[in-house]
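The values are calculated or read from the model by the stated rules, or taken from the named source; none is laboratory data. Here the structure is a predicted model, which means the values were calculated and not measured. Using ideal geometry, Cβ is built from the backbone for each residue, glycine included, and neighbour counts are taken over all protein chains shown. Side chains are part of the model used for accessible areas, which takes the heavy atoms of the whole protein and leaves out ligands, DNA and RNA. Shrake-Rupley method; radii C 1.70, N 1.55, O 1.52, S 1.80 Å.
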Amino acid sequence: MKKTLTRVAAALTLAVGLSGAASATECIAPANPGGGWDFTCRTVSKIMFDLGIVPEPIQVTNMAGAGGGLAFAHVVTERNTDEDLFVAASSATATRLAQGAYGGMNADMVRWPASLGADPGVLVVAADSPWKSLSDMVEAVKADPASVTFAGGSAAGGFDHLKVLMALRRGGFDDIRAVKYISLDGGADALTQVIGGHAQVMTGDMSEVVGFLKAGKVRVLAVLNEDRVPGFEDIPTAKEQGFDVVAVNWRGFYLPGGISDAAYDKWVERLMKVAESDAWAEAMAANGLAPFPKFGADFETWVRGNIEEIRALSKEIGVIQ
Amino acid sequence: MDILSNLALGFSVALSPFTLMLAVVGCFLGTIIGALPGLGPSNGVAILIPLAFTMGLDATAALVLMTSVYYGAMYGGRISSILLNIPGDEPALMTTLDGYPMARQGRAGDALVLSGVASFVGAFLATIGLMLLAPLLAEVAFLFGPPEYFALYALAFATLGGLASRNQAKAALAAFIGLGISTIGLDNSTGMPRYTGGNLHLMDGIDFLVAIVGLFAVSEVFVFIERHGVGSAVGVRLGRVTVPFRDILHSGWSMLRATVIGFFAGVLPGAGASLGSFLAYTAEKAIARDGDSFGTGNPKGVAAPEAGNNAAAGGALVPMLTLGVPGSGTTAVLLALLMTLNITPGPTLFTERPEVVWGLIAALLIANFVLLVMNVPMVKLFVRILSVPAGVLLPMVTMVSFAGIYSISGSWFDLILMVAFGVVGWLFRKLDVPTVPIILGILLGGHMEASLRRAMVVSGGDWTYLFSSPIAVGLWIAAVAGFIAPMFLRGLIRRREAPEVVTDGD
Amino acid sequence: MTRSDRIFGLVVTLGALAYVAGALGIQTSFISDPLGPRAFPMLVGAGAALSGLAIMLRPDAEPDWPPVREFTRIGVATAVLVGYALALQPWGYLVPTAIAAAILSWMIDPRPVRALLTGIGLSVGLYLVFRHALGLGLQPFPRGFF
């Protein structure tokens, strides 16, 4: 009992001491807890501390708002030279930047150090659905677009919606305004609607469906990746079914735009160490992420290309003018 | 028996002198956080997550600490509701309606003890429900599509009429104001800004915490400035603190019914605890023989919402654990905690990680007993707050509200907004416009609109889809009944005691 | 006299109509749901306008408004709180909190010494509680002061 008391006392002293110095290193997750950005921040921050890459625990701050826009504006206007700050980003960030949804701010206002993994897109139906392949689904939409409702976690015109439109377009269905899409508060919520029969197809990320897949409640029609995902080899890609659609949700970070090159390099190095760690490999496997290591200048170039690609696609489909 | 052996597994994981200490610490911190206006269970858990990591706690210990904070905050919210007429957090909103009048009658201690017991009953039975029924209940979430959700929210607003005793138009107006406020921000389904004037601070809408603190806490300050602090001790007389066995026995059935309603409201992802306590209160008011004394300090009006919101807190864990769908702000934070601990909630959690699930359930039971034991002696301490003179107490409440909102959002904009809500709250009090429906509108408006629009997408604009399932029709019938019943009853009562009782001018 | 409610009802009705007019100005996206982002605000605005009319037509008894002097005091209190909100970021937590709390305390109950002590006590006490017991980030003094 005395030992317990000492432990609690020690822990409390430690907590008080640390909270005094809590302003050290910070990771901003530009959304509420529970989503992809939050996962990225928390997992990477924990690994960094566990491996001793940073001396004290990293403070994770949730700054939800405007689909990441509030955090982006905050970093650009108020924290532009803060070298101890990194912010979780993903394809959703790129999509919003591409569609000009951050109120005129663009990707050059921040720096892009690394992406660590990628969450391949998936199209999912309930286990009792009559459709076995992607073409079954596309044919059903062609026959009667009003009979198929798609459910996803992003807003209309967002990344989850684009995945559906891309797949249908490759399948020869062009009347995108006839496609029914409902946006829910996240992938799990969208899946619930599909399993309950209120919508027919869920569009989202692999990590969002892993639990339901293992429980046998859903069937993945196609994974929108170049190759089949390790650990889920029995799920066919869209490509091998004849639909040339690749849509991965990469998970990475951005940094304030005004930091020194030395600080930028330090972050690239830190994130590289995380990417190589066993702990990250485990976290990826547990969450259905595929490796997607891109660092430094490579990643900067790649992000710009990715944004351009999404912009072109959004224009082609008509989401933006 | 299977459940017993599972529970034994849970307790073997979660029960040790160290975790018991954590539970005590967590319950205490949670109660304080819940009682402070501006800080609720979700920020409480979010604030203390770093603490769990800096202490280097393992998964189970972290869960025990966080669930204690969660339940502690759920218990704590009622304290400021009853003593100050300021809800400590949004689920405690309904407790102000009868809790504060009770306190003004010198029964603050009774109200606190009674609500503590009601909280325990609600939370304890909900935990049992979670234990026995979670995998089964997960199926309930599948039954609720867009039309069913819309009908559920319609039910909540239809029963508002029963809440306001005087001017129906003013209650309706308040609800519409809340709904209107909920439309500010980025439109969820098209991503287009609405009523933001291009201001980034408004893109994410107006936080209900800002509205609650402004409408209840800041406006209270204005009332006191106007009165020069007359009626000190916030108008509450101190009474002796005893256990009000009679009230507890009398409201026993209320607690049980409220628990059932709250638990199911919690199971449905959406509004969680607030909807649970609201529906529990209006249902209790509708069926109670002394229903018209609700709002004037009826002990059942204290017991029902407290049992309801705590049961909903337990119910909200069902979709979080079994589907990975967080039904409320707090469960979203708990979900984040689990994921940082490398536990991914979902349909396989119960079979793959039984030690986590049952450890959590054991932790909930522990937290509940700790809270019950802690709360009765603590009531004496809390009631002392009322002997603080108004000139000290009200600045304190204001400064706590400011610090709470500011330390979370870090934005002066929210603070100005809070002051504006304070001024509006003061004016509305003068004009006898109830403020509770405003908060409900803000809380539920977004969900309500989203489900209506989803329903219209699915049906291609066909309104009959809203009444297309037995569940939806059942909820609509309840909504219509809930809307008409109070009018009918009021007509009856009026006829019986013809000249209407003059309400006091306060 | 029922003037207050008539004025209030009128203000509400006009406000609701302005809100509906605002709804017409909401941009809709190229791909939108059948209902769109305007319908719900318009329904809400219509409901609010009807409630406003009802309040205008069937007003309650006049509330007990305080004398004009009291309105000035409420105005001053509002100004203090707004100033406090604006001062927090540039001046840090401690000084603005002490000043604002002292003024409020004095306005509720004019005892200068107690007001002063309340201000100082609250600012230091709450800072310690929020910063150290709850671990929330509050800047005690202006940035770069120490």
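Consider the range B:430-461 and keep the residues that are surrounded by fewer than 23 Cβ atoms within 10 Å (Cβ to Cβ), within 9 Å of chain C (Cβ to nearest Cβ) and not aliphatic (A, V, I, L, M). The one that is farthest from B:Tyr281 (Cα to Cα) is B:Gly460. In summary, A:Ala114 fulfils each of the numbered conditions (1) more than 26 Å from A:Lys239 (Cα to Cα); (2) at pLDDT below 90 with the single exception of condition (2).
The numbered conditions (1) open to solvent by 10 Å² or more (accessible area, probe 1.4 Å); (2) closer than 17 Å to A:Phe159 by Cβ are all true for A:Ala297 except (2). Among residues of the range B:415-440 that are in contact (Cβ under 8 Å) with a residue 40 or more places away in the chain and under 21 Å from C:Glu70 (Cβ atoms), those with a Cβ under 7 angstrom from a residue that is of a type in the set (Ser, Thr, Tyr) and surrounded by fewer than 21 Cβ atoms within 10 Å (Cβ to Cβ), sequence gap 6+ or separate chain, pair up as B:Val419/C:Thr78; B:Val423/C:Thr78; B:Leu431/C:Ser4.
Of all the residues in the range C:85-111, those that are surrounded by 18 or more Cβ atoms within 10 Å (Cβ to Cβ) and of a type in the set (S, T, N, Q) number 2.
Name the residue, out of C:Ala39, C:Ala54, that is open to solvent by 10 Å² or more (accessible area, probe 1.4 Å), touching a helix residue (DSSP H, G or I) at 6+ places or on another chain (Cβ under 9 Å), farther than 30 Å from B:Val400 by Cα and free of Cβ contacts under 8 Å to residues at least 40 places away in the same chain. Write out each step before concluding.
Working: C:Ala54 fails: free of Cβ contacts under 8 Å to residues at least 40 places away in the same chain.
Exactly one of C:Ala39, C:Ala54 is open to solvent by 10 Å² or more (accessible area, probe 1.4 Å), touching a helix residue (DSSP H, G or I) at 6+ places or on another chain (Cβ under 9 Å), farther than 30 Å from B:Val400 by Cα and free of Cβ contacts under 8 Å to residues at least 40 places away in the same chain, namely C:Ala39.
The single condition among (1) within 14 Å of chain A (Cβ to nearest Cβ); (2) open to solvent by 10 Å² or more (accessible area, probe 1.4 Å); (3) modelled with pLDDT under 75; (4) part of a helix (DSSP H, G or I) that B:Pro326 does not meet is (4). If you go through the range A:158-171 and keep only what is among the basic types (Lys, Arg) and buried (at least 23 other Cβ atoms within 10 Å of the Cβ), you end up with just A:Lys163. Candidates in the range A:26-78 are the residues that are surrounded by fewer than 21 Cβ atoms within 10 Å (Cβ to Cβ) and of a type in the set (Ser, Thr, Tyr); of these, the one that is modelled with the lowest pLDDT is A:Thr61. Against the definition (farther than 30 Å from B:Ser387 by Cβ, at pLDDT 85 or above and either open to solvent by 10 Å² or more (accessible area, probe 1.4 Å) or assigned to a helix (DSSP H, G or I) (or both)), how does B:Leu173 come out, yes or no? It is true that B:Leu173 is farther than 30 Å from B:Ser387 by Cβ, at pLDDT 85 or above and either open to solvent by 10 Å² or more (accessible area, probe 1.4 Å) or assigned to a helix (DSSP H, G or I) (or both).
With a cut-off of at least 1 residues that are of a type in the set (Phe, Trp, Tyr) and within 24 Å of A:Ser207 (Cα to Cα), name the helices (runs of 4 or more DSSP H) lying wholly within the range A:252-321.
Working: elements: A:261-276, A:278-287, A:296-317.
Per the criteria, A:278-287, A:296-317.
With (1) open to solvent by 20 Å² or more (accessible area, probe 1.4 Å); (2) modelled with pLDDT of 90 or more as the list, and B:Ala478 as the residue in question, which single condition is left unmet? If we test B:Ala478 against (1) open to solvent by 20 Å² or more (accessible area, probe 1.4 Å); (2) modelled with pLDDT of 90 or more, just (2) comes out false.
Do any strands (runs of 3 or more DSSP E) entirely within the range A:26-141 hold 1 or more residues that are away from chain B (no Cβ under 11 Å), and if so, which?
On the way: elements: A:26-29, A:59-62, A:85-90, A:110-126.
Filter on the range A:26-141 gives A:26-29, A:85-90, A:110-126.
Filtered by the rule that a residue be modelled with pLDDT under 85 and in a helix (DSSP H, G or I), the range C:28-85 gives C:Val68, C:Arg69, C:Glu70.
Have a look at A:Ala88, A:Ala155 and point out the one that is in contact with a Phe, Trp or Tyr (Cβ under 6 Å, 6 or more places away or on another chain) and surrounded by 20 or more Cβ atoms within 10 Å (Cβ to Cβ). Quick ask: steps written out before the conclusion?
Details: A:Ala155 fails: in contact with a Phe, Trp or Tyr (Cβ under 6 Å, 6 or more places away or on another chain).
Only one candidate qualifies: A:Ala88.
The residues listed here are B:Thr67, B:Thr60, B:Thr54, B:Thr19; of these, the one that is over 14 Å from the mean Cα position of the chain (by Cα) and at pLDDT below 75 is B:Thr54.
Could you tell me which of the residues B:Ile206, B:Ile181 is surrounded by fewer than 24 Cβ atoms within 10 Å (Cβ to Cβ), modelled with pLDDT of 80 or more and outside any helix (DSSP H, G or I)?
Numbers: B:Ile181 fails: outside any helix (DSSP H, G or I).
The conditions single out B:Ile206.
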